[in-house]
Amino acid sequence: EKAGFDHFMLKEVHEQPKAYRDTMRGRISDDGRSVAMPELKMTAEQLKGINRVHIVACGTALHAGLVGKNVIESLVRIPVETDVASEYRYRSPIITPETLVIVVSQSGETADTLAALREAQRCGARVLAITNVVGSSVAREADDVIITLAGPEIAVASTKAYSSQLIAFFLFGAFWAQTLGTKSEAQVAQVLAAMEALPEQVEKILAQAELLKEVAESISHHSSLFFIGRGVDYAVAMEGSLKLKEISYIHSEAYAAGELKHGTLALIEEGTPVIALLSQEDLYEKMLSNIKETKARGADVLGILNEGHEAEISKSVDRYFAIPRTLPLLTPALSVIPLQLISYYASLALGHDVDKPRNLAKSVTVE
Ligand code: M6R
């Protein structure tokens, strides 16, 4: 049932191109110029009436939501807040009938996420669920549902569910932009074309998976490390850090790269591993200065960057891994893959139970 892979996690990492294709299928028109979301019950009028968005989720699903915030704000220009589901209800969030609450949950059974959904509905908001499980509690109770077609995810560490949630956000963001006209038809078509290229680009990354083994093995000898990035790279850094903690039990922190010098830089010493994400071209130079700050304290830096920068980056980092080029907003669907593989190989090197990490359950049904 692991289809020749040693672990479910590795199998699921490799299923991502298929999960992307399945989640996009039937939703992007044949001419690639428009998105259809026939599953949505909300009308164009209702969508036009929304003036704020709350994205609520836990763990990895929350990290997908952080990317979702960037996607919606950039394509639709509506303010989005992202909340940890276990915090949401207790801070008296401002929810009105013009608020769209998006809950994200692979299983659709996470207790805090479900409770947030109910609270949002009680306050009169419309709830859109992004979930992987048809018939789950979240799918049954939400007003609208976008199903990710990642297929069953067995490993506790979420991989293909996360990346399919990203695809769902890209689709919904493009659909909303198209409905409101906040992006031109040509701009929407550009996003869709870039999305359709993602599965093959992921395949290209997966074909180089072995390159990450050595980095993972060297990381496995350390007790702490840092992931840094800016913009959506920061959101991906958080996901990379969670994945590593979850299955390798190595402490790590994700930092907005520019924030490091406000305290955390004190923890960087000779040999501290730093994984730096540089997929955002407009922030590339800024990232290079942040990397320099860590190198000056002896950090051992792995750069994850867009193809085309390989030659010059070797002066600034110790190692690098290149990902194919896509639109800046879509890079998380590619840059997360090497991070998933690093955590997988690190867990393997340490001899841990990759698919069933200690203390954790696949679905968290207590608050
Ligand atoms: O089923 P859900 O998406 O609601 O689960 C939320 C989190 O429990 C989950 O993403 C968790 O963080 C993963 N094990 C991380 O890999």
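Starting from 0.36 nm per residue, how many nanometres of slack lie between Gln208 and Glu141 once their C-alpha separation is accounted for?
Gain in length upon complete extension: 20.0 nm.
Hey, for a label at Asp353 modelled as a point 7 Å past Cα toward Cβ, could you say which residues of segment 140-177 have their backbone N under 12 Å away?
156
Roughly how many debye, to the nearest 20, is the charge dipole of the chain about its Cα centre, given +1 on each Lys and Arg Cβ, -1 on each Asp and Glu Cβ, and no other charges?
Using only the charged Cβ atoms, the result is roughly 540 debye.
Treating segment 5-46 as a set of equal point scatterers at the Cα positions, no solvent, please give the Debye-formula log₁₀ I(q)/I(0) at q = 0.14, 0.17, 0.24, 0.34 Å⁻¹.
One equal scatterer on each Cα of segment 5-46 leads to -0.52, -0.64, -0.84, -1.08.
Return one whole number: the accessible area per residue of the chain in Å², for a 1.4 Å probe.
On a per-residue basis, the chain sits at 40 Å².
Could you work out the pair-distance distribution P(r) of segment 111-177 from its alpha-carbon pairs, with 10 angstrom bin width and percents rounded to whole numbers?
20, 47, 30, 3
Rounded to a whole number of µm²/s, how large is the Stokes-Einstein D of segment 26-77 at 10 °C and 1.306 mPa s, given Rh as the Kirkwood radius over C-alpha pairs?
Stokes-Einstein gives a translational diffusion coefficient of 121 µm²/s.
Compute a Gaussian network model of the chain, connecting alpha carbons closer than 10 Å, and tell me which residue from Ser184, Ser343, Ser335 fluctuates the most.
Highest fluctuation among the options: Ser184.
Could you compute the FRET efficiency for Lys41 and Ile154, with r as their C-beta to C-beta distance and R0 at 30 Å, rounded to 0.05?
Here the calculated transfer efficiency is 0.45.
What is the distance, in nm, between label points placed 7 Å from the Cα along the Cα-to-Cβ direction at Lys286 and at Lys261?
Distance between label points: 1.3 nm.
Run the quick spin-label model on Lys245 and Thr96: label points 7 Å from Cα toward the beta carbon, then report their separation in nm to one decimal.
3.6 nm
Under a point-charge model restricted to the Cβ atoms of Lys and Arg (+1) and Asp and Glu (-1), what is the dipole moment magnitude of segment 317-367 relative to its Cα centre, in debye to the nearest 20?
100 debye
Counting only protein heavy atoms, what percent of the accessible surface of the chain is carbon or sulfur at a 1.4 Å probe?
Exposed carbon and sulfur together represent 51 percent of the surface.
Output needed: percent of Cα pairs per 5 Å distance bin for segment 29-162, bins running from 0 to the one holding the longest distance.
2, 11, 20, 24, 22, 13, 6, 2, 0, 0
Beyond 28 Å, what share of the Cα-Cα pairs of segment 223-367 remains, rounded to the nearest whole percent?
Tail fraction, whole percent: 18.
Please compute the Kirkwood hydrodynamic radius over segment 286-367, one decimal place, Å, based on all pairs of different Cα atoms.
Result for segment 286-367, one decimal place: 15.4 Å.
Using the alpha-carbon centroid of each, what span in Å lies between segment 103-129 and segment 229-262?
26 Å
How big is the convex hull of the Cα atoms of the chain, per residue, in Å³?
It comes to 134 Å³ per residue, whole-number rounded.
Quick one: Debye curve from the alpha-carbon atoms of segment 119-276 only, equal weights, vacuum; give me log10 I(q)/I(0) at q = 0.13, 0.15 Å⁻¹ to two decimals.
Relative scattering, expressed as log10 I(q)/I(0), comes to -0.88, -1.08.
Report, to two decimal places, the Cα Rg of segment 224-306 normalised by 2.2 N^0.38 Å (N = number of residues).
In units of the globular-protein estimate, segment 224-306 measures up at 0.98.
Place a +1 charge on the Cβ of each Lys and Arg in segment 59-116 and a -1 charge on the Cβ of each Asp and Glu, then give the dipole magnitude about the Cα centre in debye, rounded to the nearest 20.
Dipole of segment 59-116, to the nearest 20 debye: 100 debye.
Using +1 at the Cβ of each Lys and Arg and -1 at the Cβ of each Asp and Glu in segment 299-367, identify which of Gly351, Thr365, Gly308 lies farthest towards the dipole's positive end.
Thr365
What ranking, highest mean first, results for peptides 225-233, 139-147 when packing means the other Cβ atoms within 10 Å averaged over each residue?
225-233, 139-147
What residue among Val13, Gly59, Pro79 has its Cα farthest toward the positive end of the dipole of segment 1-80, where the charges are +1 on Lys, Arg and -1 on Asp, Glu, each on the Cβ?
Farthest along the dipole direction, towards plus: Pro79.
The values are calculated or read from the model by the stated rules, or taken from the named source; none is laboratory data. The shown structure was predicted, so the numbers you read here are calculated from the model rather than taken from an experiment. Reconstructed Cβ throughout: ideal geometry from the backbone, glycine too, with neighbour counts over all protein chains shown. Ligands, DNA and RNA are stripped out before the accessible areas are found, and what is left, the full protein with its side chains, is counted by its heavy atoms. Shrake-Rupley method; radii C 1.70, N 1.55, O 1.52, S 1.80 Å.
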